[in-house]
Amino acid sequence: MERHLPQNYFSRLWRAISEFDLITDGDKILVGLSGGKDSLFLTYALAIIRDHSPRPFELAAITVDPMFTSDFPVSRLDSFCHELGVPFHTIQLNIAGAINDNNGKDPCFTCAFFRRGAINKFATENGFNKVALAHHHDDAVETFLMGLLQSGQLQTFLPKTHLDRTGLTVIRPLVYFREKDLRSTPKLHGFTPLPSPCPLDGKTKRQEIKELIKTWERRDKFIFSNLAAAMREGSVSDLWPALPSRAELQQRHHTFWKKDYLQTPPKPNNPLA
């Protein structure tokens, strides 16, 4: 099958690469390949960019088998990468066991934490300087809203993040793709995405946020674009000041009453006292 990217796909991909300076000469990029539609398309698209880019870079893929099942089809992903000329690596990681032993903490956080750690460790040990992840625009907006509603913080992941501890740079070339745009991408490369092995698929906090945004969009078609605009620097106008510490509050209390006392004239002595 001839490999190609339609112009509208190429434009969004190249916008992210050029705007955020995601790829430079001599990069060694390791793609996190889960087998889902997003990471399959990312691997396919970066392979095409690699073959035509004026900036030479190396590309490889890695799959983490989370051991949710005993028959994770790693060989299919190996074949997919072989056809693209992308070296393929795989590691097994008992994420299922880690979730069971995590005393009820958020299983999605646990899974992501161990996956990232394993991929980053492999990357540093094998000479890669960048890790490419398949997060798209919906992922960014959902993360932004989750942070606001669940922790009271205005934050989301960045298209490009340098990790000081490892020296790696994490890049996300799909940040200008909506999830609905990626549903038809298997037609480009001809590979059927693997079903998620996660037993909690569709039952997570992120799924709740996804459904919440859909509900809002039925009432206002601009909801998503407004949330996306709010993620940008410079979008914040008027916010309350940061919450002061207890010590700062006590100091302001004492300062206020001391000043008030000094400005109040003392009462005259009672001559009858």
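The values are calculated or read from the model by the stated rules, or taken from the named source; none is laboratory data. Predicted model, so just to flag it, every value in this text is computed and none were measured. Here the Cβ is made from the backbone with ideal geometry for all residues, glycine too, and neighbour counts use every protein chain on show. Accessible surface areas use protein heavy atoms only, side chains included; no ligands, DNA or RNA. Shrake-Rupley method; radii C 1.70, N 1.55, O 1.52, S 1.80 Å.
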Worksheet item: When both residues are 6+ apart or on different chains and their Cβ atoms are under 6 Å apart, which pairs have a first residue that lies in region 230-252 and is within 24 Å of Pro159 (Cβ to Cβ), and a second that is part of a loop (DSSP other than H, G, I, E, B)?
Response: Met231/Thr156
Discussion item. I need the full set of residues from region 12-41 which are open to solvent by less than 40 Å² (accessible area, probe 1.4 Å), of a type in the set (A, V, I, L, M, F, W, C) and assigned to a helix (DSSP H, G or I), in order please.
Written reply: Leu13, Ala16, Ile17, Leu40, Phe41
Worksheet item: In region 241-273, what count of residues is obtained for those that are acidic (Asp, Glu) and either at pLDDT below 75 or more than 40 Å from the chain's Cα centre (by Cα) (or both)?
Response: 1
Worksheet item: Could you count how many residues in region 143-201 are open to solvent by 80 Å² or more (accessible area, probe 1.4 Å) and either more than 18 Å from the chain's Cα centre (by Cα) or not polar (S, T, N, Q) (or both)?
Response: 13
Worksheet item: Between residues in region 108-130 that are of a type in the set (D, E, K, R) and residues that are at pLDDT 90 or above and open to solvent by 30 Å² or more (accessible area, probe 1.4 Å), which pairs lie under 8 Å by C-beta distance while being six or more apart or on different chains?
Response: Lys130/Lys28
Item to complete: Can you tell me which residue among Arg115, Arg76 is open to solvent by 30 Å² or more (accessible area, probe 1.4 Å), in contact with a strand residue (DSSP E or B) (Cβ under 8 Å, 6 or more places away or on another chain), modelled with pLDDT of 85 or more and part of a helix (DSSP H, G or I)?
Response: Arg115
Fill in: Failed criterion for Val86 (all others in (1) closer than 18 Å to Ser34 by Cα; (2) out of contact with any strand residue (DSSP E or B) (no Cβ under 8 Å at 6 or more places or on another chain) hold)
(2)
Item to complete: Would you point out which residue out of Tyr9, Tyr44 is touching a His at 6+ places or on another chain (Cβ under 6 Å) and open to solvent by less than 40 Å² (accessible area, probe 1.4 Å)?
Response: Tyr44
Fill in: Number of the exception - Arg219 against (1) modelled with pLDDT of 90 or more; (2) within 29 Å of Ser75 (Cα to Cα); (3) open to solvent by 100 Å² or more (accessible area, probe 1.4 Å)
(2)
Worksheet item: Is region 244-251 home to any residue that is of a type in the set (D, E, K, R) and farther than 30 Å from His137 by Cβ?
Response: yes
